[in-house]
Protein chains: 2
Amino acid sequence: MKEIRKVGFIGTGIMGASMAMHLMEHGFELKVYNRSVEKTRPLTEKGAKLAATVSECASGVDAVISIVGYPKDVREVYLGEDGVIASADQGTVIIDMTTSAPSLAVEIYEAAKSKGLYSIDAPVTGGDSGAKAGTLTILAGGDQDAFTAARPLFEAMGKNIVYAGKAGNGQHLKMCNQIALAGALSGAAEAISYARAAGLDERAMVDAIATGAAGSFQLSNVAKKGMEGDFAPGFMVKHFVKDMGLADEEALKNGKKLPILEEVLRMCRELEASGHAEEGTQSILKYYEK
Amino acid sequence: MKEIRKVGFIGTGIMGASMAMHLMEHGFELKVYNRSVEKTRPLTEKGAKLAATVSECASGVDAVISIVGYPKDVREVYLGEDGVIASADQGTVIIDMTTSAPSLAVEIYEAAKSKGLYSIDAPVTGGDSGAKAGTLTILAGGDQDAFTAARPLFEAMGKNIVYAGKAGNGQHLKMCNQIALAGALSGAAEAISYARAAGLDERAMVDAIATGAAGSFQLSNVAKKGMEGDFAPGFMVKHFVKDMGLADEEALKNGKKLPILEEVLRMCRELEASGHAEEGTQSILKYYEK
C-alpha cells in the first residue's frame, strides 16, 4: 500500500478541528469539509484546502478521515449517493473516527472493499482535551495492512494506538469502554449521593476510598469534579447517551442484556430531557438531587 | 484516657483471626471468644486466653474488638443481656469492626456512653488478604479521643487508618466504598460480557481500556480474575449482598434511592440463590452467561 500524504478530513467540530490540526503539524496535506463552513476556517487559515462537498473532499487524496455526529451522519457521508465510497480514488484508506455502530462499520468495510478501498473504524477516547493535546486513545478495527498504512496518521493524533482486529472491532472496543465507564461513573455518583445524605465530608470520603477496591478514574476525576460543583463538559451527557444507546443496541443484537448500562442510560436520558444535555457526564450527580 | 494493653477479641473467623494475631505480635495481651471454639485455637496456642462467653471476654480488659457476621450478631454481642456493654469495665474502649448498620453503630455508641464506655465503629476494607498482611484500610467513627486511644490497635492491624468523624461515620464510609465498588464491578463485568458476545479478545480489551477513563481497580483486578476463570473469593458474593443490603437500607432511611446499587444487589441475590454465594464477587460475570 502506498504512503499516505494527502488527507481529506470530514467533520471539523471540536474534536475534528484539533485532530486535523495535528495532522497538518505532522506534514500531511489537508483538504477539509464541514457542514458549517466557518468551522473549517482555523484550518484553511493554516493552509488546508477547502472542499465544498463530501465528494470533493474524498477524491484526489490518499486517505479520508471523518469524525461526525451520529451513525446516520456516518451512513450519509460514506454510503450516500455522492458519499466517500462513491467518490474516493481506488486504493484510498477511509477511516471513520466517529463513535458509531459496529455493524455500520462492517457494512462500510464491505462496501469499501467491493470498490477497491480500505476501511478502518477508529473511534477515540480522551475527549476534547485529548484531541487538543494529541493524546487520544485510538481503537482501530480493519485489515492489518490498512491499519499499518494509517498508523502515521493515528500517531499524529493520538498516543495509545490499539489495533483491535477485524472491521467493527474498533467500535466494539469503544462500546466496552463506555460500558465500563457507565458503571464506574454511576457507582461513584451514588457513593457521593449517599455521603451527602448521610452528612459525611464528601471530599474526605473520596480520599479515603479512591485508592482501594472502590477506586476508579471516574471517582477520582469525573465524579469528583461534579462534587466540587464543576459541571463543564469534558464529555457531554448527550454524547454519553448516544454512545450508551449504541452499546445497548449492539449488545442486544448479540443476545446480551446489560441491566446496569440500561439503568445509567435511562438516568442520563432523564438528565438530557431536563436541560443537562450539554453539561459534563458528572451531572449524573444531579439525578440524585431530585 | 488510659493506654490500651489488654484486649478482648470477639469473632476469630478468617478476618478476625488474622487481625487478632497481628495484635498479639504487637505486644497486646489477648483474650479471645468465638462461637465455635476451635477457631480460637491458633490464637490460644500462641498465648491468648480463652473466654467462655462474650461477657467474660469483655470484662477485665482495656478494649474490646469484635468482627462478627451480621448486624443482628453485633446487636446481640453488644446490647444483649450479657453483652459487651453490660459486662465491660468503666472506661473500656469498645470497637466493632464488623461491616454493620450505621444506625446500629450510633445506638451502641449512645448505650456505651451512658455506661461510661467509649465506642468506635471501625469497619475495614482489604479483605482476607489485607487482614493477613496487616494492610487493611480501617474506617473509624466515634469520639476523637477514643479514636486516638485506639489508634495503636488499628496500626497493628491496618495500614490506611481513616478517622471519619462522629459515631456511625466509619460505617457510612464503608457503605460509600461498597456502593462505588458495586458500580465499578458491574460496569467491568458488562464490558467483559459485551466483549465476549461480540467475539473480541477479552484480555486485549481490558488492556486497551484499563488505563483510561473506564479504568478501575475492579476492572483491572477483580473482574479480570473472573474473566480468566478464577472465581475463588477475595470477597464473597454473600458478604457483598449483605453489605449492599445495608447500604440500600441506610440510603433509603436518608431519603436516597440508589438505582445502580439496587440493580447490582438484585443480580447478586440471584447469584447467591443459584449456588454462587461463597464464590468471589467476580462471579457476577456468571450472571451474564445465563
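The values are calculated or read from the model by the stated rules, or taken from the named source; none is laboratory data. Every value quoted in this text rests on a predicted model; they were computed, and no experiment measured them. Counting neighbours? That spans all protein chains shown, and the Cβs are built from the backbone with ideal geometry, glycine included.
Of the residues examined, residue B:212 is one that is at the interface with chain A (Cβ under 7 Å from one of its Cβ atoms), surrounded by fewer than 24 Cβ atoms within 10 Å (Cβ to Cβ), within 30 Å of residue A:129 (Cα to Cα) and not β-branched (Val, Ile, Thr). Once the range A:114-143 is narrowed to residues that are buried (at least 22 other Cβ atoms within 10 Å of the Cβ) and among the polar types (S, T, N, Q), the residue that is nearest to residue A:77 (Cα to Cα) is A:119. On inspection, residue B:196 passes the criterion of being closer than 19 Å to residue B:286 by Cβ, among the charged types (D, E, K, R) and within 9 Å of chain A (Cβ to nearest Cβ).
Take residue B:84 and tell me if it is touching a helix residue (DSSP H, G or I) at 6+ places or on another chain (Cβ under 7 Å) and either buried (at least 24 other Cβ atoms within 10 Å of the Cβ) or within 18 Å of residue B:13 (Cβ to Cβ) (or both). Yes, satisfied.
If the condition is being among the basic types (Lys, Arg) and either touching a residue at least 40 places away in the same chain (Cβ under 8 Å) or closer than 16 Å to residue B:181 by Cα (or both), then the range B:231-285 contributes B:238, B:242, B:253, B:266.
Residues are listed down the side, and each one gets a yes or a no for (1) assigned to a helix (DSSP H, G or I); (2) among the aliphatic types (A, V, I, L, M); (3) free of Cβ contacts under 8 Å to residues at least 12 places away in the same chain:
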| position | (1), (2), (3) |
| --- | --- |
| B:41 | yes, no, yes |
| B:60 | no, no, no |
| B:81 | no, no, yes |
| B:91 | no, no, no |
| B:98 | no, no, no |
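The residue that is farthest from the chain's Cα centre (by Cα), counting only those in the range B:163-183 that are of a type in the set (Gly, Ala, Ser) and more than 23 Å from residue B:214 (Cα to Cα), is B:165.
Would it be correct to say that residue B:163 is in contact with a His (Cβ under 9 Å, 6 or more places away or on another chain) and among the aromatic types (Phe, Trp, Tyr)? Judged against the criteria, residue B:163 is not a match.
Of the residues B:146, B:150, B:111, the single one that is crowded, with 24+ Cβ neighbours inside 10 Å, modelled with pLDDT of 95 or more and aliphatic (A, V, I, L, M) is B:150.
Among the residues of the range A:271-290, those that are in contact with a helix residue (DSSP H, G or I) (Cβ under 7 Å, 6 or more places away or on another chain) and within 11 Å of another protein chain (Cβ to nearest Cβ) comprise A:281, A:284, A:287, A:288. Taken over the range B:120-150, the criterion of being touching a strand residue (DSSP E or B) at 6+ places or on another chain (Cβ under 9 Å), more than 14 Å from every other protein chain (Cβ to nearest Cβ) and closer than 22 Å to residue B:43 by Cα is satisfied by B:134, B:150. Within the range A:224-237, does at least one residue satisfy the condition of being of a type in the set (Phe, Trp, Tyr) and more than 7 Å from chain B (Cβ to nearest Cβ)? There is at least one residue in the range A:224-237 that is of a type in the set (Phe, Trp, Tyr) and more than 7 Å from chain B (Cβ to nearest Cβ). Taken across the range B:187-208, residues that are of a type in the set (Phe, Trp, Tyr) and over 19 Å from residue A:175 (Cβ atoms) do not occur at all.
Could you please find all residues in the range A:43-55 being surrounded by 15 or more Cβ atoms within 10 Å (Cβ to Cβ), aliphatic (A, V, I, L, M) and not in a helix (DSSP H, G or I)? Matches in the range A:43-55: A:48, A:50, A:51. From the list A:37, A:61, the one residue that fits, being buried (at least 23 other Cβ atoms within 10 Å of the Cβ) and either over 23 Å from residue A:130 (Cα atoms) or touching a Pro at 6+ places or on another chain (Cβ under 9 Å) (or both), is A:61.
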